[in-house]
Amino acid sequence: MLSKELIAKLRHLEISTKKLVADMLAGQYHSVFKGSGMAFAEVRPYQPGDEIRLIDWNVTARMNEAFVKVFSEERELTVFILVDLSSSLQFGSRLQSKAEVCAEITAQIAFSAIANGDRVGALLFSDCIEKLLVPKRGRKHVMSLISDLMSHIPRGTQTNLSMALTALSHAISRRSVVFIVSDFLDQGFEDKLKVAAKKHDIIPVIIEDAFERVFPSVGLVSFEDSETGERMVIDTSNPGVREQFRLQQEQRSHMRDQLFKRLKMDSVLLSPGEANGLALQRFFRERAKRLRRAA
């Protein structure tokens with residue numbers, strides 16, 4: 001049974017997310033994700049300017065008048081969200097943790113999808129498969145999905161993206177839009193990501209805290225790796241130490257971004273304590289522009 005505190009958080013998240021979707025995200029989402037193709041809708045009499053290749057010759061022969069086929073967009077999509085529950089997501093230097101951003105952005109994506117009649121599923125993972133939620137439509141399903149995400153106590157502590165991507169291939173057979181919501185603190189998942197990208201439209205959603213890019217100067221600090229348990233003391237007042245950390249993080253981010261670029265993936269970077277709904281809207285808008293230019 002859900003606690004009163006969790007129920008209150010879910011209700012607040014639903015209200016804020018649905019308003020954001022209604023005000024900004026739903027239209028942007030629809031313009032970016034067009035559906036899986038075109039489906040036959042009806043025939044109608046030929047009109048000057050119609051494409052000759054669309055003439056339905058069987059109907060034309062029967063009616064002794066030219067008729068053309070009319071097609072409509074197959075709107076239904078399957079949206080699948082891979083959500084990282086590893087221990088590193090519990091970190092947050094501001095009022096929000098990375099895990100809270102994961103829940104927030106997952107809710108925004110899911111409500112945008114069902115607002116357009118699409119099905120939504122999710123795979124919660126760490127270094128093991130935590131939970132699989134099969135794609136369905138409707139508010140009740142999305143609320144159950146978000147509830148599971150916010151209440152689930154992970155069994156694993158580390159991140160295994162290769163395992164999650166392998167599980168994805170078994171979980172869904174049809175081409176889908178797949179959001180990977182993670183801090184991507186993992187290695188060796190490139191081949192699995194490349195395979196998944198051949199079948200699905202993969203969108204990495206990177207959750208990164210500001211302090212993971214630059215150390216503040218606050219003297220001697222004891223750090224513990226939340227995923228491995230390794231501990232160390234670092235003198236953050238040392239400019240050389242801070243610069244070395246900054247360069248290491250820049251290199252890691254550059255390699256990650258170059259991987260996404262090679263695989264032609266549109267990624268979005270989000271941070272705790274920032275207006276991530278606006279960032280997601282901006283991502284949808286920029287992606288729509290890029291797709292129009294490529295068309």
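The values are calculated or read from the model by the stated rules, or taken from the named source; none is laboratory data. Since this is a predicted model, take the numbers as computed values, not measurements. For neighbour counting, all protein chains shown are included, and Cβ atoms are generated from backbone atoms with ideal geometry for every residue, glycine included. To get the accessible areas, we keep the full protein, side chains included, count just its heavy atoms, and leave off ligands, DNA and RNA. Shrake-Rupley method; radii C 1.70, N 1.55, O 1.52, S 1.80 Å.
Need one word for the stretch 111-169: rounded, prolate or oblate. Basis is the Cα gyration tensor (sqrt eigenvalues a ≥ b ≥ c); a/c below 1.5 gives rounded, then a/b vs b/c decides. Because a/c hits 1.5 or more and a/b fails to exceed b/c, the stretch 111-169 counts as oblate. Placing unit charges on the Cβ atoms of the charged side chains and taking the dipole of the chain about its Cα centre, the candidate lying farthest along the positive direction among 91, 233, 25 is 25.
Working from Cα pairs under 8 Å separated by at least six residues, relative contact order for the stretch 119-210 is 26 percent.
Charged side chains reduced to their Cβ positions (Lys and Arg at +1, Asp and Glu at -1) give the stretch 79-220 a dipole of some 720 debye around its Cα centre.
All other residues whose Cβ lies under 14 angstrom from that of residue 16 are scored, Lys and Arg at +1 and Asp and Glu at -1, for a net of 0.
Relative to the current alpha-carbon distance between residue 144 and residue 262, full extension at 0.36 nm per residue lengthens the span by 38.9 nm.
For Kirkwood radius over Cα pairs in Å, the value calculated from this model appears in (1) 20.8; (2) 21.3; (3) 24.4 under label (2). Estimated at 0.36 nm per residue, the fully extended path between residue 94 and residue 282 surpasses their Cα-Cα distance by 65.4 nm. Counted over the stretch 168-284, the DSSP beta bridges are approximately 35% antiparallel.
Remark: the stretch 215-278 carries 64 Å² of accessible area per residue (probe radius 1.4 Å; ligands, DNA and RNA excluded).
Rounded to the nearest 10 degrees, the inclination of helix 98-115 to the longest alpha-carbon principal axis of the chain is 10 degrees.
Relative to the longest principal axis of the Cα atoms of the chain, helix 190-199 runs at roughly 20 degrees. Taking Lys and Arg as +1 and Asp and Glu as -1, the other residues whose beta-carbon sits under 13 Å from that of residue 252 total -3.
Within the stretch 102-129, which residues have the backbone N less than 20 Å from the label spot 7 Å out from residue 174 along Cα→beta-carbon, could you tell me? Within reach of a label on residue 174: 110-123.
Per-residue ellipticity at 222 nm, computed for the chain from helices alone with -39500 (n - 2.57) per DSSP H run of at least four residues, works out to -14000 deg cm²/dmol. If R0 is taken as 30 Å, the Cβ-Cβ distance between residue 14 and residue 213 corresponds to a FRET efficiency of 0.40. Only lysines eight or more places from residue 194 in sequence, or on another chain, were considered; those with a Cα closer than 30 Å are 34, 98, 131, 136, 261, 264, 289. Rounded to the nearest 10 degrees, the angle from helix 161-171 to the longest Cα principal axis of the chain is 30 degrees. With 0.36 nm allotted per residue and the present C-alpha distance subtracted, the residue 233-residue 7 stretch has 77.4 nm of extension available.
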